Amino acid sequence: MSRNDRETSRPADREPESFADPVDLAVGARIRLLRKIRGLSQQALADAAGVTFQQIQKYERGANRVSASMLSRIAATLKTPISELFGEVSPASGAIDEVAVLLAQPGALELLHAFAELPRGQARAALVDFIRSLAAERRDWATTQAGEAGLTPVRSTP
């Protein structure tokens with residue numbers, strides 16, 4: 001098997017994103033984040049870039065790599081330098097990429113905008129406590145389900 005075959009072959013039962021290169025995931029997260037900040041739909045970005053909205057979805061998930069020419073078209077549409085989509089290669093970029101991935105989650109940016117409109121103090125603290133309790137319930141439920149199925153639960157990023 002050639003090196004190229006090893007890099008592209010995937011078991012049929014695994015999602016392509018689980019094999020995505022971290023750089024591809026970070027680029028996709030940045031595309032999604034900037035698209036949402038600019039108020040563009042996936043369809044609008046796709047139309048401007050000359051691809052389908054499904055292709056934009058794949059880029060944003062890191063399922064498909066973005067070619068240099070496509071990255072250039074996307075950056076132009078988002079009115080941003082290509083370097084902002086690709087990200088800076090430095091020790092700090094890991095943390096920045098992690099934040100970009102979190103903010104690229106559906107609803108995260110909207111939640112953050114709404115949170116920023118709340119006055120500092122009890123309202124913000126109550127909202128954070130509420131969200132944390134929802135997340136804890138979800139983790140507890142997943143752990144219970146995994147235990148009942150005889151699986152060892154894998155803890156996701158909080």
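Quick note: the coordinates plus some simple rules give every number you see, no bench work behind them. Because the structure is predicted, anything quoted here is derived from the model rather than measured. Here Cβ is always computed from backbone atoms with ideal geometry, including for glycine, and neighbour counts include all displayed protein chains.
Below are the figures for this structure:
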quantity	calculated
Ranked 24, 47, criterion: other C-beta atoms within 10 Å, fewest first	47, 24
Gained length - residue 115 relative to residue 67, 0.36 nm times residue gap less alpha-carbon distance	13.7 nm
Residue order, fewest to most surrounding Cβ atoms within 10 angstrom, among 30, 61, 139, 132	132, 139, 61, 30
